[in-house]
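Undergrad: I am attaching a structure below and will ask some questions about it afterwards.
Just so you know, all these numbers are worked out from the coordinates, no wet-lab data involved. A quick note: this is a predicted structure, and the numbers were derived from the prediction, not measured. Cβ atoms come from the backbone with ideal geometry, glycine included; neighbour counts cover every protein chain shown.
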Amino acid sequence: MDYFFLPYNSLFPKLFEKEKSCLHQMLDKDAIIEHFGSTAVPGLGGKGVIDIYLLVSKSKIKNTSKILQSKGYIFKPNAGDKNRWFHQIDKKFRNKEYHYHIHLSFIGNKNFQECIAFRDYLRIHPKATKKYAKIKQVALKKLKNVTDKKELKRIYLETKGAVVQEIINEAKLSGKFG
């Protein structure tokens, strides 16, 4: 499996907004839908996946997952964690296929708050964004010959870990982090 570092594309926020509109049409209007990850930070670059956090009340998670699956989103039971249900779908736009990862969770989820704070910090701190982009490139290069999915995830997260923690610490010191 090959992973490539793709430059940031100004189309990403538009793709997110289009997907957000689709999600709002099929789900409760009180669902919280946020764009996060590398495609949500101008100038960052990464794998080119549109990561979307979708929050509903705890009592609606199971039903929301069923709705997503009925609309073609593939549920990956082992890809998330106990507080985050992972779904994915590929959609074409202008004859190109884009990957969407839906992270379904409950309102009040701490990981959601941290992801959004991290995104927001990177959006206003270009030096941190450049540093993070560089370590993402290093991490993706390390995956070149790795085929085991658990090992892929471990290497990718471990490689980025120290830089991510450093940025989180900077964000906390600035008062911009949960």
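Undergrad: Can you tell me which of 145-155, 39-49, 8-18 comes out highest on packing, and rank the rest after it, using the mean Cβ neighbours within 10 Å?
TA: 39-49, 8-18, 145-155
Undergrad: For the chain, set up a GNM with springs between Cα atoms under 10 Å and report which of Lys110, Lys160, Lys136 has the largest fluctuation.
TA: Lys110
Undergrad: Now, a different point. Rounded to the nearest 5, what % of the DSSP beta bridges within the chain are antiparallel ones?
TA: About 75 percent, rounded to the nearest 5.
Undergrad: In whole Å and largest first, what semi-axes does the C-alpha gyration tensor of the chain yield when each eigenvalue is scaled by 5 and square-rooted?
TA: 25, 20, 17
Undergrad: What is the ratio of the Cα radius of gyration of segment 76-178 to 2.2 N^0.38 Å, where N is its residue count, to two decimals?
TA: 1.21
Undergrad: What span do the alpha-carbon atoms of segment 11-50 cover on each of the three principal axes, reported in whole Å from largest to smallest?
TA: Reported extents, whole Å, longest axis first: 32, 15, 14.
Undergrad: Next question. What helices in the chain pass both tests, a Cα length along the helix axis of 27 Å or more and a mean Kyte hydropathy of -1.0 or higher, using whole DSSP H runs?
TA: Counting only whole DSSP H runs, the qualifying helices are 149-174.
Undergrad: Grab the Cα-Cα distance for Ile168 and Glu17, subtract it from 0.36 nm times how many residues apart they are, and report the gain in nm with one decimal.
TA: Gain on stretching Ile168 to Glu17: 51.7 nm.
Undergrad: What residue among Leu27, Leu55, Leu68 shows peak mean-square fluctuation when the chain is described by a Gaussian network model with Cα springs under 10 Å?
TA: Result for the chain, Cα springs under 10 Å: Leu27 fluctuates most.
Undergrad: Additional query: In terms of Cα to Cα distance under 16 Å, which lysines are near enough to Lys71, apart from those fewer than 8 places away along the same chain?
TA: Filter leaves Lys18, Lys20, Lys62, Lys91, Lys92.
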